[in-house]
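Nothing in this text is a laboratory measurement; each read-out follows from the coordinates by a stated rule. If you're wondering where the values come from, they're calculated on a predicted model, not measured in any experiment. All Cβ positions, even for glycine, are placed from backbone atoms using ideal geometry, and neighbour counts span all protein chains on display.
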Amino acid sequence: MPTIPAPPIEINTEFAFDSEITHKFTKNTFPGWLGFEVVELGPERTVGKMVVSERHLHRVDNMHAGAWTAFADSIAGWATARRVPVGWNFTTAEMKMNMFALAKRGDELWAVAEPLHIGRRTQTWEVRISCRDRLVGNFLCTQVLLEPKNGGAPQVSTSEVPPEAVGVEGDERTPQVPALDIPQGPYATHLGIELVEVTKERALGRMTIDERHLHSGKFMHGGVWATFGDTVAGEGTIANLREGQVFSSVDLKVNVIGAGRAGMMLEAEATPLHTGRRTQVWMVMIRAEGKVVAQFTNTQMVLEGKF
């Protein structure tokens, strides 16, 4: 297992990064609301930190799995940008998050992103998250590099594009089915995720993309895709718990197939792949206007009693 030095992690002064730049660059975006800082930005390592607050919590007093993923994905994105050729762009194609511990309000999390592969067309990054002297999370993602066409402007990317490239997909649709009155906790509530059906066999949710969900590239942040899937799958998990049981996400994976743009309504359908005594595995298909734009799977650990 990799050794994680106790925070504060020693910063390489050659690549020390002014954290205020993070705030200015992410202002009025989902990463800005998330509230992390990049403190080292080098070719072989990027370091970021964030303090868990009320906004990051699930309905219980623990950090939402989607917030874990959003933090790691943000640091990996900054790391990738540092290694992308001038004039190129990139987009996240796949991500996977493992959590080894709970994160509570006030915990300071440190993320260290290092490359596993830097290729001509793809990059793969690992992000290790520590709290105090303990490794508490591990994240892997694959980034696809986008080459400028015919020597012109960079291709449109879900990771970094000018504001003019942001479009609105179709007309706004008025939801036909009223949302269920299910409390979601501060994190998912901020993102406007609604549940419209929950049974043991499936859970349905929806959300409309707006400024809360976007990163500096003005497309939906990878962590929000993960949050949407994890929230809807979580409701399906709850429906299958016995009295006195609780659960915790221990593993999740997202494949992003299409870009999430402002104005799009997303619909998520979660169905169980396995509902056992100790674990549940759920698959979530996320669609926009009937077309699949992302696929999510996660594993939930079933626990007896309270966290």
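Summary table below
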{"item": "J(HN,Hα) series, the range 229-234, from Karplus relation 6.51 cos²θ - 1.76 cosθ + 1.60, nearest Hz, glycine and proline x", "result": "x, 5, 5, 5, 4, x"}
{"item": "For G260, residues with placed amide H under 5 Å, excluding near neighbours", "result": "M220"}
{"item": "Alpha carbon centroid spacing (whole Å) that separates the range 229-307 from the range 183-215", "result": "11"}
{"item": "Neighbourhood net charge (14 Å Cβ-Cβ; Lys/Arg +1, Asp/Glu -1) for M95", "result": "-3"}
{"item": "Table column - 3J(HN,Hα) (Hz), the range 109-120, Karplus curve with 6.51, -1.76, 1.60, x for Gly and Pro", "result": "9, 10, 10, 10, 9, 9, x, 9, 7, 10, x, 6"}
{"item": "Within the chain, longest stretch free of exposed GluC sites (Glu not before Pro) [DSSP loop, at most 13 other beta carbons within 10 Å]", "result": "45-171"}
{"item": "MRE, 222 nm, helices only [DSSP H, n ≥ 4, -39500 (n - 2.57), over the chain, to nearest 500]", "result": "-5500 deg cm²/dmol"}
{"item": "A103 long-range amide H proximity, modeled H, under 5 Å", "result": "M63"}
{"item": "Cα centroid separation, the range 66-88 to the range 103-142 (Å)", "result": "11"}
{"item": "Using θ = phi - 60° and Karplus 6.51 cos²θ - 1.76 cosθ + 1.60, couplings along the range 209-226 (whole Hz; Gly, Pro as x)", "result": "6, 9, 4, 4, 9, 9, 9, 4, x, 6, 10, 5, 5, x, x, 6, 4, 5"}
{"item": "Most mobile listed residue (R202, R212, R121) in the chain, GNM with C-alpha springs under 10 Å", "result": "R121"}
{"item": "Stokes-Einstein translational diffusion, the range 244-307 - Kirkwood Rh over all Cα pairs, 1.002 mPa s, 20 °C, in µm²/s", "result": "164"}
{"item": "Convex hull volume per residue for the range 185-277, taking Cα atoms only, in Å³", "result": "109"}
{"item": "For the chain, alpha-carbon Rg over 2.2 N^0.38 Å", "result": "0.97"}
{"item": "Leading residue at positive end of dipole, the chain (Cβ point charges), from H274, A288, G234", "result": "H274"}
{"item": "Environment charge at V232 (Cβ cut-off 13 Å; Lys +1, Arg +1, Asp -1, Glu -1)", "result": "-3"}
{"item": "Gyration tensor (alpha-carbon) shape descriptor, the range 49-158, a/c threshold 1.5", "result": "prolate"}
{"item": "Residue of P31, P178, P115 that the Gaussian network model of the chain assigns the largest fluctuation, springs spanning Cα pairs under 10 Å", "result": "P178"}
{"item": "Listed residues K218, K200, K24, most fluctuating in the chain (Gaussian network, C-alpha, under 10 Å)", "result": "K24"}
